[in-house]
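Values quoted throughout were computed directly from the atomic coordinates according to the rules given, and no laboratory measurement underlies them. Since the structure is predicted, the reported quantities are computational estimates derived from the model, not experimental observations. Using ideal geometry, Cβ is built from the backbone for each residue, glycine included, and neighbour counts are taken over all protein chains shown.
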Amino acid sequence: MNDRFTVLPNLPLKPKSSFGPQTKPLALVHKDSPALSVMTDFASVTPVTIHREVPINVALKKMKTAGVRLLFVVNNAYEIIGLITANDIMGERPIKITQQARTARFDITVTDIMTPQRDIQVLDAARVQAAKVGDIVATLHSLGRQHALVAKIDEATGAQTVIGMFSTSQISKLLGHDVMQAAPPASSLAEIVAKIG
């Protein structure tokens, strides 16, 4: 062990200890609450990123360490070039690649299974400001996705800056129930395929 560091003394926790006045219990929201109340705001939470050439097993380990289920795939200029989720890594895509390309799973990289930038949809931040939590849940259901990015759009140039993200797991936690279980059943084969994919 490194001699530069000191082991701190341990004290027993005394009865009637609390978290202090600044810490409040998690406040539940409702479907009529403002959508921004459930958005992960990248002004206060740093998005977790990864590069495209990283093996997927390393990406999954990074997700577990960071406590997230989605990584932003970025290039050296820190521009978003894709997304990869835990479902992507643990789903069928890697299995298909190993079978079709006759390659080992540990050789599959993020770029092999990520959703590329051209296929990523975003929500306009201006519209999100007026939206309610229920609107976001309905949008996620209609997209068949667990995440939705929020982008601020420059009116003059059309340039987009991703400022936040909605996640079904975060919304479920704040609503106090699983929002994905409330999804309406698919009524056609096309909708079933879309929900599975």
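Quick rundown of the values:
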| read-out | value |
| --- | --- |
| Calculated FRET efficiency for the pair ALA159/GLN181, C-beta based, R₀ 45 Å, to 0.05 | 0.75 |
| Over the stretch 121-185, relative contact order from alpha-carbon pairs under 8 Å, at least 6 apart, % | 29 percent |
| Whole-Å distance, taken between Cα centres, linking the stretch 113-162 and the stretch 20-91 | 14 Å |
| Neighbourhood charge, 14 Å Cβ-Cβ cut-off, centred on SER167 and excluding it, Lys, Arg +1 and Asp, Glu -1 | +1 |
| Length-normalised contact order of the chain in % [C-alpha pairs under 8 Å, at least 6 apart] | 23 percent |
| Residues ILE81, ILE95, sorted so that the one with the fewest Cβ neighbours within 10 Å comes first | ILE95, ILE81 |
| Choice from GLY82, GLY158, GLY20 showing the highest fluctuation, given a GNM over the chain with Cα pairs closer than 10 Å | GLY20 |
| About the Cα centre, charge dipole magnitude for the chain (Lys/Arg +1, Asp/Glu -1 at Cβ), debye | 720 debye |
| Value at 222 nm in deg cm²/dmol, rounded to 500, when DSSP H runs of n ≥ 4 in the chain each add -39,500 (n - 2.57) | -8500 deg cm²/dmol |
| Farthest positive-ward along the stretch 35-192 dipole, Cα basis, beta-carbon charges - from ASN57, VAL38, ILE171 | ASN57 |
| Inter-probe distance in nm under a simple model that places probes 7 Å from Cα toward Cβ, at ALA126 and HIS30 | 3.0 nm |
| Computed label-point distance, nm, for sites PHE106 and VAL74 using a 7 Å Cα→Cβ extension | 2.9 nm |
| Sites VAL58 and VAL7, calculated FRET efficiency, Cβ-Cβ separation with R0 41 Å, nearest 0.05 | 0.80 |
